[in-house]
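What follows is a single structure, written as structure tokens, with notes after it.
The values are calculated or read from the model by the stated rules, or taken from the named source; none is laboratory data. Model, not experiment: these values are computed from the prediction. Every residue, glycine among them, receives a Cβ derived from its backbone with ideal geometry; neighbour counts consider all protein chains shown.
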Amino acid sequence: MVTTTDAPRLTQYAHGGGCACKIPPGELESVVAGLVGTGAPKGPGELLVGLDDGDDAAVVSLANGTAVVATADFFTPVVDDAYDWGRIAAANALSDVYAMGGTPVVAVNLLAWPRDLLPMELAGEVLAGGLAIAREAGCHLAGGHSVDDPEPKYGMAVTGIADPDRLMRNDAGVAGVPLTLTKPLGVGVLNSRHKATGEVFDEAIAVMTTLNLGASIAALKNGAVCATDVTGFGLLGHLHKLARASGVTARIEASKVPYLDKARESLDRGFVSGGTRRNLDWVRPHLDAGVDEDELLLLADAQTSGGLLVAGEVPGYPVIGELLPGRADGVTLEVRG
């Protein structure tokens, strides 16, 4: 591994970091609008989950009673350590399968690398990190695709399986159930601070490299049918999508939302990504807020490899709000102190 003090800082080769470099949700929805409802092709299986509600992965039910779950996710460096970046990106890609209630089976690497700027040895460390997480998940990792690119990017395309009758999807929420969050927020502001200062936040790395496997199993065991993971669109963005798809309004109790150490300090020092501000701008027309702007920025903070947001109580994880009947004024999000 590259361990000298002269090792390049990977985050300096990226215009954004992690899931904060996603295309803004409003722009993305307008781009893919023409792909929704185009009709089923001739071929095996029935599409159970597609583009319609912006779910975490696509799901196709096969005749043998198994559902295939397919997803892809990749992003620019979120930390400077190549091995950790690989682990974070892999955990993030696998999370989409867990969020649907599935089990990852096989993944392939997606790698873009500036081969004239960064040593290929570093690329090998990124791939090694991805392999370590795939092995931890019990998921096969077989090959992939790479391109020469001015900006480094890494992730995976993942295929999993699920029981089609026990999926967790974002359009299945009902009023009256609690909302559970399985990882603390604050990764975005800490990653922005890391990119700007080089400070390393071990707690943030530990959170980002933790698989959502246990949370997914616990949610299914407790009867959950509605969930999403919290990544680049922030808690408010992903919850807005869930509430809109389910026809409900979601209320968040801000005082109950857990945060990583130094997240608020990092916000106060101005380490807020452009992606986080765009997230808040996107949901603001659908937001009834009883907290200040700083609190809203933390709730909209662009997460990388965040936790699951589950409609239902999951033992061992904090309840941060509840789903309410849908409001006639189009508000999908209520935030209270």
request  = Quickly run through the range 263-308 and pick out the residues that are closer than 29 Å to VAL225 by Cβ, of a type outside the set (Gly, Ala, Ser) and assigned to a loop (DSSP other than H, G, I, E, B).
outcome  = ASP301, GLN303, THR304
query = What do you reckon, is THR249 under 19 Å from the mean Cα position of the chain (by Cα) and polar (S, T, N, Q)?
reply = no
ask   = Which residue, of VAL314, VAL331, is more than 24 Å from ALA206 (Cα to Cα), part of a loop (DSSP other than H, G, I, E, B) and in the same structural domain as GLY214 (by TED's automatic domain parsing)?
value = VAL331
ask   = Within the range 277-308, how many residues turn out to be in contact with an Asp or Glu (Cβ under 7 Å, 6 or more places away or on another chain), buried (at least 21 other Cβ atoms within 10 Å of the Cβ) and closer than 20 Å to GLY337 by Cα?
value = 0
message = Would you confirm, using the coordinates I've provided, whether ALA137 is surrounded by fewer than 20 Cβ atoms within 10 Å (Cβ to Cβ), in contact with a strand residue (DSSP E or B) (Cβ under 8 Å, 6 or more places away or on another chain) and farther than 25 Å from ALA7 by Cα?
response = no
request  = Using the structure shown, decide if PRO152 is in contact with a strand residue (DSSP E or B) (Cβ under 9 Å, 6 or more places away or on another chain) and closer than 30 Å to ALA311 by Cβ.
outcome  = no
ask   = Considering only residues of the range 43-59 that are closer than 18 Å to PRO104 by Cβ and under 16 Å from the mean Cα position of the chain (by Cα), which is modelled with the highest pLDDT?
value = ALA58
message = Anything in the range 317-328 that is part of a strand (DSSP E or B) and either farther than 13 Å from VAL177 by Cβ or without any contact (Cβ under 8 Å) to a residue 12 or more places away in the chain (or both)? List them, or say none.
response = none
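Let's see how each residue does on (1) over 26 Å from LEU167 (Cα atoms); (2) crowded, with 24+ Cβ neighbours inside 10 Å:
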position	(1), (2)
GLY65	no, no
GLY86	yes, yes
ALA90	no, yes
SER95	no, yes
ALA99	no, yes
PRO104	no, yes
request  = Would you check if there is a residue in the range 191-199 being of a type in the set (S, T, N, Q), under 20 Å from the mean Cα position of the chain (by Cα), outside the structural domain of PRO77 (by TED's automatic domain parsing) and closer than 30 Å to LEU298 by Cα?
outcome  = yes
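Take LEU235 and decide whether it is modelled with pLDDT of 95 or more, in a loop (DSSP other than H, G, I, E, B), buried (at least 19 other Cβ atoms within 10 Å of the Cβ) and not polar (S, T, N, Q).
Here the answer is no, as LEU235 does not meet what is asked.
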